[in-house]
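Trainee: This is the structure I have questions about; it appears just below.
Every number in this text was worked out from the coordinates using simple rules, so none of it is lab data. None of these values were measured; they are calculated from a predicted model. Backbone-built Cβ (ideal geometry, glycine too); neighbour counts: all protein chains shown.
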Amino acid sequence: DDLEEPDPQTFNVMLVGDSGVGKTCLLVRFKDGAFLAGSFISTVGIDFRNKVMSIDAVKVKLQIWDTAGQERFRSVTHAYYRDAHALLLLYDVTNKASFDNIRAWLTEIHEYAQQDVVVMLLGNKADVTHDRVVKREEGEKLAKEFGVPFMETSAKSGLNVELAFTAVARELKHRTMKEPDEPKFQLQEYVDKEMRTAGCCRS
Ligand SMILES: Nc1nc2c(ncn2[C@@H]2O[C@H](COP(=O)(O)OP(=O)(O)OP(=O)(O)O)[C@@H](O)[C@H]2O)c(=O)[nH]1
């Protein structure tokens, strides 16, 4: 162990959204680069995984909390909102109800989370074509209405998974370690730019 190395700054990131939208899969994809196919094991209560990332040569540690989407665990997860620096709010593009519930999730976030929490809306399962019921434009529109950044992801294909966590980590790092004359970090601009350079279709 190198005792000279200081502990990296730690940020708490919480994954929230209805049961089955893919929160656990998104975390596993990000952490292990794998996809949990097959049977769906619903999260019970809350679970977390750490990941150290390098942002502009500065190490930051994300402590990622995977919450249970099921209603019966809501009171457990409420207690964790207060300590969250960022929330990744997911819906499933193949499940209209999960999208319609986003408004209720945002209300809950306003009620329990810190006022300056970073929120990003993610439309997951973007790999699915036939069963898609929520258009990307609808996600964009809702995000705009609430003033939160948005992108579509796929835990299955890996689309934008790294980017979602990196963007949030950048925003949080920027907030805490900003140089005095450094301009404010623009999360949505960053995400759009990264998606363009990755050759991802915006049309
Ligand atoms: N096609 C596709 N399926 C996915 C994707 N992400 C998750 N799934 C599937 O969706 C189901 C639910 O995924 P989970 O990650 O367990 O969902 P969750 O949001 O953690 O659910 P709770 O723990 O109950 O809140 C599983 O069967 C996954 O295989 C994705 O990006 N694409």
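Trainee: Just to be sure, is residue 120 closer than 25 Å to residue 31 by Cβ, aliphatic (A, V, I, L, M) and within 14 Å of the ligand (Cβ to nearest atom)?
Mentor: no
Trainee: Okay, moving on. Just for region 123-141: of the residues that are of a type in the set (Lys, Arg) and touching a Ser or Thr at 6+ places or on another chain (Cβ under 8 Å), which one is nearest to the ligand (Cβ to nearest atom)?
Mentor: The selected residue is 125.
Trainee: Out of the residues in region 63-89 that are within 19 Å of residue 119 (Cα to Cα) and in contact with a Ser or Thr (Cβ under 8 Å, 6 or more places away or on another chain), state the one that is surrounded by the fewest Cβ atoms within 10 Å (Cβ to Cβ).
Mentor: Here the answer is 63.
Trainee: How about region 123-149: which of its residues are among the β-branched types (Val, Ile, Thr) and surrounded by fewer than 16 Cβ atoms within 10 Å (Cβ to Cβ)?
Mentor: If the condition is that a residue be among the β-branched types (Val, Ile, Thr) and surrounded by fewer than 16 Cβ atoms within 10 Å (Cβ to Cβ), then 128, 129, 133 are the ones that fit.
Trainee: Give region 126-158 a look and list any residue that's more than 19 Å from residue 24 (Cα to Cα), among the β-branched types (Val, Ile, Thr) and over 18 Å from the mean Cα position of the chain (by Cα), or say none.
Mentor: Within region 126-158, 129, 133, 134 qualify.
Trainee: In region 1-25, which residue that is in contact (Cβ under 8 Å) with a residue 60 or more places away in the chain and in a strand (DSSP E or B) is farthest from residue 72 (Cα to Cα)? Before you say what the answer is, go through the steps one by one.
Mentor: Start the filter on region 1-25 by keeping residues that are in contact (Cβ under 8 Å) with a residue 60 or more places away in the chain, which leaves 9, 11-18, 20-23, 25.
Within this subset, residues satisfying the condition of being in a strand (DSSP E or B) are 9, 11-16.
Values: 9: 33, 11: 27, 12: 23, 13: 22, 14: 18, 15: 17, 16: 14 Å.
Checking each candidate, the answer is 9.
Trainee: Then there's this: Could you tell me whether residue 152 is within 16 Å of the ligand (Cβ to nearest atom), surrounded by fewer than 17 Cβ atoms within 10 Å (Cβ to Cβ), of a type in the set (Asp, Glu) and touching a residue at least 40 places away in the same chain (Cβ under 8 Å)?
Mentor: When the stated conditions are applied, residue 152 does not pass them.
Trainee: Which residues, counting only those in region 26-61, are part of a loop (DSSP other than H, G, I, E, B) and surrounded by fewer than 16 Cβ atoms within 10 Å (Cβ to Cβ)?
Mentor: 33, 34, 37, 38, 39, 40, 41, 42, 44, 45, 56, 57 - these are the residues of region 26-61 that are part of a loop (DSSP other than H, G, I, E, B) and surrounded by fewer than 16 Cβ atoms within 10 Å (Cβ to Cβ).
Trainee: Could you check how many residues of region 18-44 are near the ligand (Cβ under 7 Å from one of its atoms), within 19 Å of residue 61 (Cα to Cα) and out of contact with any strand residue (DSSP E or B) (no Cβ under 6 Å at 6 or more places or on another chain)?
Mentor: Residues in region 18-44 being near the ligand (Cβ under 7 Å from one of its atoms), within 19 Å of residue 61 (Cα to Cα) and out of contact with any strand residue (DSSP E or B) (no Cβ under 6 Å at 6 or more places or on another chain): 1 in total.
Trainee: Within region 158-203, take every residue that is among the small types (Gly, Ala, Ser) and assigned to a helix (DSSP H, G or I) and give me the one that is nearest to residue 33 (Cα to Cα).
Mentor: Going through the qualifying residues, I end up with 164.
Trainee: Report yes if residue 64 is hydrophobic (A, V, I, L, M, F, W, C) and assigned to a helix (DSSP H, G or I), otherwise no. Don't jump to the end; show me each part of the working.
Mentor: Details: hydrophobic (A, V, I, L, M, F, W, C): yes; assigned to a helix (DSSP H, G or I): no.
So residue 64 fails the test.
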